[in-house]
Each structure stands twice: as C-alpha cells, then as structure tokens.
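Just below is one structure, and these are the notes that go with it.
The values are calculated or read from the model by the stated rules, or taken from the named source; none is laboratory data. All of these numbers come straight from a predicted model, not from anything done at the bench. Cβ atoms come from the backbone with ideal geometry, glycine included; neighbour counts cover every protein chain shown. Keep in mind that these areas ignore ligands, DNA and RNA; they rest on the heavy atoms of the full protein, side chains included. Shrake-Rupley method; radii C 1.70, N 1.55, O 1.52, S 1.80 Å.
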Amino acid sequence: AINHTGYLDFTFAGLPAFRMRPRRLVRFMAKQEVFDHKVTGPVMRKLRHIPVDRASGGAASYDAAVAALKAGELVGVYPEATISRSFELKEFKSGAARMAIEADVPLIPHIVWGAQRIWTKDHPKKMWRPKVPISIAVGEPIPPTLPPTELTALLRSRMQHLLEKVQEDYGPYPPGEFWVPHRLGGGAPTLAQAAELEAAEAAERAEKRRNRDGGAV
C-alpha cells in the first residue's frame, strides 16, 4: 500500500522488492487510461500490471489483484486512489484492506517521498532534473485480522507515522516550494484546498463527458 504524490511513485515503490533476494516484482494497479496510451500501454501489459477500469466499478481489476495475491505475487495499490495535491495522506479507500482479507495476505505500508519534485499534478515535469533525493520507507506488515474499515484505518495510521518520519529525515524544506506540504511551510495546498481542486476537476470531467455523450447522440 503506497502513498501517491506523483506520476513516478511506482518506479521507486517497486525498488525494495526488486532488491530482495530472490528479486521480486510488484504488479501495480493503474487506471485503464495508462494501458490505453500508445506508449505506456504496451509496457504496462508486458510487465503484467493490472488495469483498473473506473467506469465499470473496478470489479474485474479487484478479482485479478486477489488472484495474483493468492498466487503469491506482490500487488501495488494506492489507497488514496489518486495523486494527493497536498502531498499529505488523503482519505483511504478500503480496496487494499478488502483484497488483503480475501487473499489472506498482509498489508505492507510503503512511503515514497520526493518523487513529486520530478512530476506531479499541476506542475511541469522535470524528468531529467539531476540529484533529486528520493526516500523510500517500508513499514512492518499488517496481518489482515480486522474488518475492512478498521484495517484501513490502521493502515492509514501506520502510513501517516511512516510519512512523518520520512519527511522529518528528508528536510530541511525551502519555504514556499510547490513540492513542500503546507504543514511544513511549503507552497502545496492544504488537504481542504486540494479537495476543492479535485472537486472542480471532477465536475469539469463530468461536464466533458456529458458534452461528448450529447454530441454522440
């Protein structure tokens, strides 16, 4: 279970497993649009990641993830579902907990910090920016012995503690920088402000869908 601050989180989140002996690969759950893209699509399919079709409710991707977990694979999930513009933890969806319970596997808290400096929402990407430190922290596995709601709350609490520890070790932070959370004196929006931006974005997408569907008729 990984926090989500930027588009490249997954490239760093898979490193701890890859450095294990024997090496392990993580199958990440990603939105269908990534698989439909002419460049990223073939790569995602080749690496056997799991597409999530939000329009259909994601039932097929949930089943595929549970099957992979039962087969002994590692599955990467973003409990926040979307990138957090505030770079703080948003409210969690319960999907990760429900999958862990159904497959009878532990949840592994995972924090990636610093990737938002390279490529995140509302800011230009800096793919070739040199010397950007990235911190990765992996917490103790959480056994799936609680109901989904309680297990999700415990996961979020553990990840919050891990995030704050990573942030503390990562600093000091330049004041006003876009990639620094408001809580730490940065220019990122607060959780409440980020929620307003996301609501406006969702309304805009809905309006575009209505216009497209109306035009098709």
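Quick notes on this structure:
- Rel. contact order, % - alpha carbon contacts under 8 angstrom, at least six apart, the chain: 21 percent
- Once the 1.4 Å probe is applied to the protein heavy atoms, the chain comes out at 58 Å² accessible per residue.
- Mean-square fluctuations from a GNM of the chain, with a 10 angstrom spring cutoff on Cα atoms, peak among Gly58, Gly171, Gly187 at Gly171.
- Prolate/oblate/rounded label for segment 1-113 (Cα gyration tensor, a/c 1.5): rounded
- Global size of segment 1-66 as Cα Rg and Dmax, reported in angstrom: 12.6, 39
- Placing +1 on the Cβ of every Lys and Arg and -1 on the Cβ of every Asp and Glu, with nothing else charged, gives the chain a dipole about its Cα centre of roughly 900 debye.
- 5 angstrom amide H check on His110, placed H, neighbours 5+ away: Asn3, Gly139
- Positive-end residue, segment 67-217 charge dipole about Cα centroid, Cβ charges, pick of Thr145, Ala71, Val132: Val132
- Residues whose amide H comes within less than 5 Å of that of Arg27, counting only those at least five positions distant or on another chain, are Leu74, Val75, Gly76 (H built at 1.01 Å from N in the peptide plane).
- Equivalent-ellipsoid semi-axes of segment 116-217, from the Cα gyration tensor, Å, largest first: 31, 25, 14
- Computed helical MRE - 222 nm, the chain, DSSP H runs ≥ 4 contributing -39500 (n - 2.57), nearest 500: -13000 deg cm²/dmol
- What the phi angles of segment 161-170 give under the Karplus curve with 6.51, -1.76 and 1.60, with θ = phi - 60°, is a coupling list of 4, 5, 4, 5, 5, 5, 4, 5, 6, 6 Hz, glycine and proline written as x.
- Per-residue SASA entry for Thr145, accessible area with 1.4 Å probe, Å² rounded to 10: 110 Å²
- Equivalent ellipsoid, the chain (semi-axes from 5 times Cα gyration tensor eigenvalues, Å): 25, 25, 18
- Peptides 201-210, 68-77 ordered by average Cβ neighbours within 10 Å, highest first: 68-77, 201-210
- Listed residues Tyr78, Tyr62, Tyr173, most fluctuating in the chain (Gaussian network, C-alpha, under 10 Å): Tyr173
- Distant-in-sequence amide contacts of Phe178, defined by a placed amide H-H separation under 5 Å and a gap of 5 or more residues or a different chain, comprise Gly187.
- Highest average packing first - 107-114, 163-170, 20-27, Cβ atoms within 10 Å: 107-114, 163-170, 20-27
- Taking the Cα atoms of segment 106-161, the ratio Rg/Rh between the radius of gyration and the Kirkwood radius comes to 1.15.
- Considering only Phe28, Phe18, Phe92, the Gaussian network model of the chain with Cα springs below 10 Å gives its largest mean-square fluctuation to Phe18.
- A simple packing score, the average count of other Cβ atoms within 10 Å per residue, orders the peptides 134-143, 150-159 as 150-159, 134-143, with the highest score first.
- Of all beta bridges that DSSP places with both ends in the chain, some 40 percent have antiparallel geometry.
- Ranking Tyr7, Gly176, Ser157 by how far each Cα lies toward the positive end of the dipole of the chain (charges on Cβ) leaves Tyr7 at the top.
- Net dipole in debye of segment 64-131 [+1 Lys, Arg Cβ; -1 Asp, Glu Cβ; about Cα centre; nearest 20]: 560 debye
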